[in-house]
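The values are calculated or read from the model by the stated rules, or taken from the named source; none is laboratory data. These numbers were taken from a predicted model, which means no experiment stands behind them. Glycine also receives a Cβ, built like all others from the backbone with ideal geometry; neighbour counts cover every protein chain displayed.
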Amino acid sequence: MIVLDSIKMRIRQIRSWLLYGRSSRFPFGCIVIHPIRFSAKHISLGSGVIIGNAARLEAVTHYNQTSFTPHISIEECVTIEQNLHLTCANKIVIGKNTAIAANVTITDIEHPYANVNVPIERQDIAVKEVVIGEDSKIYNNAVILPGVHIGRHCVVGANSVVMRDVPDFSVVAGAPARVVKRFDRERNAWVR
């Protein structure tokens, strides 16, 4: 059974590399399982990245009359479960060893509602980079909005909507997400 699982893993690595890789932006050994959309030209992956089934990693290069130069950086040993919805027109960075659960949305794009006489989808978009620090965990159904910087060693609770920065060594939850506890180095303990 272990040998069979190892063979299946190697086949997935080779298939992913042949479909999306063969460059320094996609090192051998990464696995991308049946994505819905994968803008490979604008994505760089660290070694050991695993992206689960039905992910949408979409780079937006044009919207209305505006051009963008998106970059999605997923660092070493990041694991992403199924149904990730990631859209990027500016920059999204996911730090090494971060784990992202199922059905998470990450976007650096906002659709402002500036003109009530124009449909929202036809108005220009606003973009702000998103950074998720290393060694973090993002639980199911979380939404990470434009301009958010999540620190290192953070936890984002299930169903949370993160609208503002999260300091290092914090746990956030809720909609909108707020810090529910944080590690205090002086006390060497978690505090609420």
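Summary table below
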{"item": "Flag for Ser47 being modelled with pLDDT under 95 and surrounded by 18 or more Cβ atoms within 10 Å (Cβ to Cβ)", "result": "no"}
{"item": "Looking only at region 179-192, and only at residues there that are assigned to a strand (DSSP E or B) and not hydrophobic (A, V, I, L, M, F, W, C), the one that is farthest from Thr98 (Cα to Cα)", "result": "Asp184"}
{"item": "Within region 66-82, considering residues that are of a type outside the set (Ser, Thr, Tyr), out of contact with any Lys or Arg (no Cβ under 8 Å at 6 or more places or on another chain) and surrounded by fewer than 21 Cβ atoms within 10 Å (Cβ to Cβ), the one farthest from Val131 (Cα to Cα)", "result": "Gln82"}
{"item": "Hits in region 55-65 - residues which are at pLDDT 95 or above and either surrounded by fewer than 19 Cβ atoms within 10 Å (Cβ to Cβ) or assigned to a loop (DSSP other than H, G, I, E, B) (or both)", "result": "Ala55, Arg56, Val60, Thr61, His62, Tyr63"}
{"item": "Cross-chain or 6+ apart pairs with Cβ under 9 Å, region 166-185 first and of a type in the set (Lys, Arg), then loosely packed, with under 14 Cβ neighbours inside 10 Å and in a strand (DSSP E or B)", "result": "Lys181/Trp190; Lys181/Val191; Arg182/Trp190; Arg182/Val191"}
{"item": "Test: residue in region 165-178 that is surrounded by 15 or more Cβ atoms within 10 Å (Cβ to Cβ), part of a strand (DSSP E or B) and hydroxyl-bearing (Ser, Thr, Tyr)", "result": "yes"}
